[in-house]
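Chemist: Can you read through this structure? Questions will come right after.
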Amino acid sequence: MEKVATRPIVDQSAFKLSMRHLAGAVSVITVGEREERTGFTATSVTSLSADQPSVIVSLNRGSSSWPVVERYRRFCVNVLTADQQHIAQSFAGFDGRRGVERYQDAQWYSLSTGTPALKDALTVLDCELETVLNHHSHAILIGRVCAIETREDVEPLLYWRGGYRRLSEEAVIHP
């Protein structure tokens, strides 16, 4: 039997710093119903398949949202617009809000699953949880998209190098 070489463990702070160089759209992931509503801010949302429309979302299992996702088995991805930074901060807990308090200062409605969807979001993806893959501290949620709403007249809120950003016309690269 061949021995597999072990590699040194990468320093966590160096890894986190390197991940700050990945620019990402900012989303709030909403979960639960009524007084059990909660959610979290995420930049780790990815398209998985167009054949059976589905997305991937990463969630720390230590998050207060994790047991609610497990219980309800559905979630809504709300991609934020450039003027919705205050919503990102609320769902990240920066202002001390928890659970249903995070839904203040925004308007919400429901699509097919009944999970809260953000009015005026750039894109809303209403999802049923199909698969959960546990990996170290996080759960990789695979959601089947049940309903979609999209706006074309606004720009996304981005996160890069530890701060919120906007697109600028100067940054557009033309082929």
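Chemist: Please give the per residue accessible area of the chain, computed with a probe of 1.4 Å over protein heavy atoms only, in Å².
Modeler: Result: 62 Å² per residue.
Chemist: Using only the Cα atoms of segment 1-103, build the gyration tensor, take square roots of its eigenvalues as a ≥ b ≥ c, and label the shape rounded, prolate or oblate: rounded if a/c is under 1.5, else prolate if a/b is larger than b/c, else oblate. Mind showing how you got there, number by number?
Modeler: Working: a/c = 1.80, a/b = 1.60, b/c = 1.13.
In terms of gyration-tensor shape, prolate.
Chemist: Taking the chain as a Gaussian network, where each spring joins two C-alpha atoms under 10 Å apart, which residue of Pro156, Pro67, Pro116 fluctuates the most?
Modeler: Pro67
Chemist: Continuing with this model, one more query. Among Gln107, Gln89, Gln52, which one shows the highest mean-square fluctuation when the chain is modelled as a Gaussian network with alpha-carbon springs under 10 Å?
Modeler: Gln52
Chemist: Now, a different point. Ser64 label point, 7 Å along Cα→Cβ, cut-off 20 Å on backbone N: hits in segment 77-106?
Modeler: Counting backbone N atoms under 20 Å from the label point, the list is 77-78, 86-106.
Chemist: Taking every pair of alpha-carbon atoms in segment 46-170, what share in percent sits in each 5 Å bin, from 0 to the bin with the longest distance?
Modeler: Answer for segment 46-170: a P(r) of 2, 10, 18, 22, 24, 16, 7, 2, 0, 0 percent.
Chemist: Counting only helical runs of four or more DSSP H residues, what would the 222 nm mean residue ellipticity of the chain come to if each run contributes -39,500 (n - 2.57) and the total is spread over all its residues?
Modeler: Values: 3 runs with 22 residues, N = 175.
The per-residue figure over the chain is -3000 deg cm²/dmol.
Chemist: Mind telling me which of Val79, Val28, Val154 comes out most flexible in a GNM of the chain, alpha-carbon contacts under 10 Å?
Modeler: Val154
Chemist: At a threshold of 8 angstrom on Cα-Cα distance, excluding pairs fewer than six apart, so keeping six or more, what relative contact order does segment 46-127 reach in percent?
Modeler: Numbers: 86 pairs, mean separation 25.2, N = 82.
It comes to 31 percent, rounded to a whole number.
Chemist: Moving on to the next point. Need the full-extension length gain, Thr46 to Ser137, defined as separation in residues times 0.36 nm minus the C-alpha distance. One decimal, nm. Can you show the working numbers first?
Modeler: Values: separation 91, 0.36 × 91 = 32.76 nm, distance 1.88 nm.
Additional length available on full extension: 30.9 nm.
Chemist: Under 20 Å from the 7 Å Cα→Cβ point of Ser112, by amide nitrogen: which residues of segment 127-168?
Modeler: Only 127-132, 141-151 pass the distance filter.
Chemist: According to a simple spin-label model (label point 7 Å from Cα along Cα-to-Cβ), what is the distance in nm between Glu33 and Cys146?
Modeler: Modelled inter-label distance: 1.0 nm.
The values are calculated or read from the model by the stated rules, or taken from the named source; none is laboratory data. None of the values given here were measured: they were computed from a predicted structure. In this analysis, Cβ positions are derived from the backbone assuming ideal geometry, glycine residues included, and neighbour counts consider all displayed protein chains. Accessible surface is based on the protein model in full, side chains and every heavy atom, while ligands, DNA and RNA are left aside. Shrake-Rupley method; radii C 1.70, N 1.55, O 1.52, S 1.80 Å.
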